[in-house]
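Below you'll find the structure, written out as structure tokens, and then a few comments.
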Amino acid sequence: MSRTTAHKPLSVLAMAEVGLRPSKTKPSILTNMLTITSYEDFAQYEGKELGTSDYIQLTQERINMFADATLDHQWIHVDTERAKTESQFGTTIAHGYLTLSVLPYLWGQIVDVQNVKMLVNYGIDKMKFGQPVLSGQSLSLTTSLHSIANLRGAVKTEVKFTMNVKETGKKAIEGIAIFIYYFN
């Protein structure tokens with residue numbers, strides 16, 4: 001059984017509709033996507049790296065849309081002219097939670113979990129922000145399976161993640177995302 005549309009990577013057309021742009025500098029790695037269909041498939045990767053996503057650019061347009069959606073219009077995020085003169089970064093920066101919010105999109109580029117009735121985003125442990133993401137910079141996601149547990153009909157995974165800034169090579173955010181999968 002395939003995943004539902006909500007969990008599949010977006011097509012180029014769908015990406016354009018929500019302001020996403022595929023990377024032009026790095027070839028797509030979607031052909032190397034890991035396919036998981038059961039607890040046993042997942043369990044063999046415990047303690048191992050699962051993969052790295054393609055890059056996603058955090059444009060000023062995306063930052064402004066996030067500000068509108070969250071009602072967080074702090075000048076450091078949306079006032080490009082003021083940020084040029086008053087910010088230590090010389091430009092606007094993405095909201096930390098915008099950076100975090102692209103995690104599910106990038107996760108969908110690394111792992112294709114099939115044969116699932118439902119997926120629950122259960123939480124995030126040990127999350128911390130590192131370097132701010134400047135407007136126009138790009139992020140990728142690298143993941144490993146920290147732990148996995150079979151909970152009688154549900155599979156709890158703890159996925160260690162790091163989002164790196166392409167332009168600096170430094171961490172923007174890291175933590176452990178907890179997902180619960182209900183396989184058919």
Potential extension, ALA149-GLN114 segment - 0.36 nm per residue separation minus Cα distance: 10.8 nm
Note, ³J(HN,Hα) from phi for the stretch 95-110, Karplus 6.51, -1.76, 1.60, rounded to Hz, x at Gly and Pro: 4, x, 6, 5, 4, 5, 5, 7, 4, x, 4, 5, 4, x, 8, 9
FRET E, pair GLU81, GLN131, Förster distance 25 Å, beta-carbon r, rounded to 0.05: 0.60
Built amide H within the under 5 Å cut-off of GLY123, gap 5+: ILE178
For VAL116, residues with placed amide H under 5 Å, excluding near neighbours: ASN184
Given charges at Cβ of Lys, Arg, Asp, Glu: the stretch 77-184 dipole, positive-most of SER140, GLY96, ALA177: ALA177
Net length gained if the chain between PHE89 and LYS166 were fully extended (0.36 nm per residue, minus Cα distance): 26.1 nm
The stretch 55-144 - convex hull of alpha carbons, volume per residue in Å³: 121
In Hz, Karplus ³J(HN,Hα) per residue of the stretch 176-184 (6.51, -1.76, 1.60; θ = phi - 60°; x = Gly, Pro): 10, 8, 10, 10, 10, 9, 10, 7, 5
Separation of the MET65 and TYR97 label points, Cα + 7 Å toward Cβ, nm: 1.8
Residue list for the stretch 86-109, given a label point 7 angstrom along the Cα-to-Cβ vector of GLN74 and an amide N cut-off under 16 Å: 86-101
For the stretch 125-184, Kirkwood radius (reciprocal of mean inverse C-alpha pair distance, Å): 12.8
Long-range HN-HN contacts of ILE173 with modeled amide H, under 5 Å: GLY130, MET163
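Here, each number is a calculation from the coordinates, and none is a lab measurement. Bear in mind that the values here come from a model prediction, so they are computed numbers and not experimental data. Using ideal geometry, Cβ is built from the backbone for each residue, glycine included, and neighbour counts are taken over all protein chains shown.
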